[in-house]
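In what follows, a structure is listed as structure tokens, so that the remarks can point back to it.
Nothing in this text is a laboratory measurement; each read-out follows from the coordinates by a stated rule. Given the structure is predicted, the values throughout are model-derived calculations rather than measurements. Every residue, glycine among them, receives a Cβ derived from its backbone with ideal geometry; neighbour counts consider all protein chains shown.
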Amino acid sequence: MMNMTVLDRNIDVSYLNKELYDENGHLKIKDASFYEGIPHTHLMLWCHQHGQYGLPTTELIAWLKNHVIEGATIQVGAGNDSIGRTLGIPFTDSCLMKVPEVAAYYAMGGQPITKYPDDIIELEAAAAIKKYKPKVVIGCWITHLYREDEHFRGGNMYGIDEDFILDNVDKYIVIGNNKTHDKKRIIERKHTTHKFPWLFSRSMYPLENMIYVWENEHKRRRIE
């Protein structure tokens, strides 16, 4: 039996606005116990309405801190999730949803777009890696680059080239969901997976939230 939660769009979830956004419109980092007290249908709908994907917790931040190398860690595809800001690392995004054509595409599908914070570093992932030359890259709910020859994998034509990331950093950490991200191209490359009760997201399959970690054992890097 699948652990799927069905989205009910008639629920009033406006009460979560002040709970989850600060005065600057940044997503707050909450304890897992907060999310445990909120029906998952409410979290799903609120995320849908606000273009949020992952819901980082204090427990997730504590776990990620063990992997951060000072001065050599960045976040890509940061959106408005507050992970990079809280960790004190550069947090970057291509800010794709600012592009009128892309915003229109999302609107046609009834999908609200992400509102990027004013302190985000507007850089596509590969450009961010070339600029900062990190050893560790963190991503949350990353959409991979679509390739026509691998249509079954899905992705987005503006998505992130995750093979480029793996070939140029020592460690790549992705917070995601096994139902949403199981077709990633890099899934076929050696990695470890971690499941924790403090991972929350908009997924219909909340028990499939997990963290993926790719480590480049030979420290091979194409860029200098």
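The table for this structure:
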{"read-out": "The stretch 177-199, residues that are in contact (Cβ under 8 Å) with a residue 40 or more places away in the chain and in contact with a Lys or Arg (Cβ under 9 Å, 6 or more places away or on another chain)", "value": "LYS184, ARG185"}
{"read-out": "So LYS28, is it of a type in the set (Lys, Arg), surrounded by fewer than 17 Cβ atoms within 10 Å (Cβ to Cβ), free of Cβ contacts under 8 Å to residues at least 12 places away in the same chain and out of contact with any Gly (no Cβ under 9 Å at 6 or more places or on another chain)", "value": "no"}
{"read-out": "Residue that is surrounded by the fewest Cβ atoms within 10 Å (Cβ to Cβ), among those in the stretch 167-187 that are more than 16 Å from the chain's Cα centre (by Cα) and in a loop (DSSP other than H, G, I, E, B)", "value": "ASP170"}
{"read-out": "Which listed residue, of TYR116, TYR132, is closer than 26 Å to GLN49 by Cβ and surrounded by fewer than 21 Cβ atoms within 10 Å (Cβ to Cβ)", "value": "TYR116"}
{"read-out": "Residues of the stretch 7-25 satisfying the condition of being closer than 23 Å to GLU208 by Cα and either without any contact (Cβ under 8 Å) to a residue 12 or more places away in the chain or of a type in the set (D, E, K, R) (or both)", "value": "ASP8, ARG9"}
{"read-out": "Residue list for the stretch 117-173, filter: small (Gly, Ala, Ser), farther than 9 Å from VAL76 by Cβ and in contact with a strand residue (DSSP E or B) (Cβ under 7 Å, 6 or more places away or on another chain)", "value": "GLY155, GLY159"}
{"read-out": "Conditions (1) surrounded by 14 or more Cβ atoms within 10 Å (Cβ to Cβ); (2) of a type outside the set (Val, Ile, Thr); (3) out of contact with any Lys or Arg (no Cβ under 9 Å at 6 or more places or on another chain): number failed by PHE164", "value": "(3)"}
{"read-out": "Residues satisfying the stated conditions in the stretch 62-94, i.e. more than 20 Å from PRO117 (Cβ to Cβ) and within 15 Å of the chain's Cα centre (by Cα)", "value": "none"}
{"read-out": "Any hit, the stretch 95-112, residues being under 19 Å from VAL213 (Cβ atoms), under 17 Å from the mean Cα position of the chain (by Cα) and either outside any loop (DSSP other than H, G, I, E, B) or among the charged types (D, E, K, R) (or both)", "value": "no"}
{"read-out": "Residues of the stretch 45-56 satisfying the condition of being buried (at least 22 other Cβ atoms within 10 Å of the Cβ) and not aromatic (Phe, Trp, Tyr)", "value": "CYS47, GLN52, GLY54, LEU55, PRO56"}
{"read-out": "Residue in the stretch 126-155 that is farthest from the chain's Cα centre (by Cα), counting only those that are touching a residue at least 60 places away in the same chain (Cβ under 8 Å) and assigned to a strand (DSSP E or B)", "value": "VAL136"}
{"read-out": "Candidate set from the stretch 48-86 (those that are small (Gly, Ala, Ser) and assigned to a loop (DSSP other than H, G, I, E, B)); member that is farthest from GLY109 (Cα to Cα)", "value": "GLY71"}
